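Every read-out reported here was derived from the displayed coordinates using simple, explicitly stated rules and does not represent laboratory data. Given the structure is predicted, the values throughout are model-derived calculations rather than measurements. Every residue, glycine among them, receives a Cβ derived from its backbone with ideal geometry; neighbour counts consider all protein chains shown.
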Ligand code: C2E
Ligand code: CA
Ligand code: CA
Ligand code: CA
């Protein structure tokens, strides 16, 4: 059957045709959603490990397709990029995050983190952001931006946009830190204020090498003068090890899953608040 599949051109055509139709279908549904009411946004709490307070939230886009139900952002974000819809997606999430942020306005040093993709940054992001700031949209909240190492690595335009924002006081975090390649010399020149330690490192923290990797990142952050946030914390043992390593903040299912703004909750964890 495997050989038949490989050699059968008509079988392949039918399958790829179906895939194409499905994609076009999904794309137009996404366009429709963005035009009509925008995406939903869920928020995941970020805990400040130094005082056990809520330091902020990460905004994560959510899309419920009318027939197919939940589509994960790992699918619709790349789709939006390819379909030229990433700007609309970003504007939608950003607008919702700013409105929702009003409810956390009284919390000290609270930051709402939004994820921004490379192509979105390159589409005049800084000007849009600063215009929103000027219009007073961000009066009652601080918005930080999360970008991956790859965005900072090879796109001159993105780097210019981020430098503009950083100079204007907007906090910028490197997302999934450790999974991409950044030379140490280059890191020191980037406009960043936070390293978000990727979940894969947190999962390895129980091993000697894993713990050493976290120690290296914490030390590096100290030298660079930036903060550290660990993501994907799922067990009390991981949380404890992160504390011991001197990581500044943490997020993960242990501390709270992504939820709509009105249901944001920091899960009580035993051993916290000593
Ligand atoms: P990310 O920025 O690395 O976000 C963290 C992802 O890990 C989220 O998945 C979150 O739900 C999940 N997560 C949080 N805590 C845990 C944990 O303890 N264990 C595990 N296994 N997972 C955890 P999600 O919401 O599916 O988002 C996936 C990716 O999609 C994000 O990865 C981000 O790169 C992208 N994304 C989400 N929203 C947006 C958006 O508004 N704009 C853009 N450009 N990208 C977005
Ligand atoms: Ca992120
Ligand atoms: Ca991440
Ligand atoms: Ca990621």
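Values computed for the structure shown
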item	result
Enumerated strands (runs of 3 or more DSSP E) restricted to region 42-116, each holding at least 2 residues that are surrounded by fewer than 16 Cβ atoms within 10 Å (Cβ to Cβ) and free of Cβ contacts under 8 Å to residues at least 12 places away in the same chain	69-71
Failed item in (1) within 16 Å of ligand 2 (Cβ to nearest atom); (2) part of a helix (DSSP H, G or I); (3) surrounded by 18 or more Cβ atoms within 10 Å (Cβ to Cβ), with residue 129 passing the rest	(1)
Set 74, 144, 90, 118: member being within 16 Å of ligand 3 (Cβ to nearest atom) and touching a helix residue (DSSP H, G or I) at 6+ places or on another chain (Cβ under 6 Å)	118
Residue check for residue 169: within 16 Å of ligand 4 (Cβ to nearest atom) and farther than 19 Å from residue 34 by Cα	no
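This table checks each residue for (1) under 19 Å from the mean Cα position of the chain (by Cα); (2) within 16 Å of ligand 1 (Cβ to nearest atom); (3) over 17 Å from residue 248 (Cα atoms).
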site: 167; (1), (2), (3): no, no, yes
site: 173; (1), (2), (3): yes, yes, no
site: 176; (1), (2), (3): yes, yes, no
site: 182; (1), (2), (3): yes, no, yes
site: 186; (1), (2), (3): no, no, yes
site: 196; (1), (2), (3): yes, yes, no
site: 202; (1), (2), (3): yes, yes, no
site: 205; (1), (2), (3): no, yes, no
site: 208; (1), (2), (3): no, no, yes
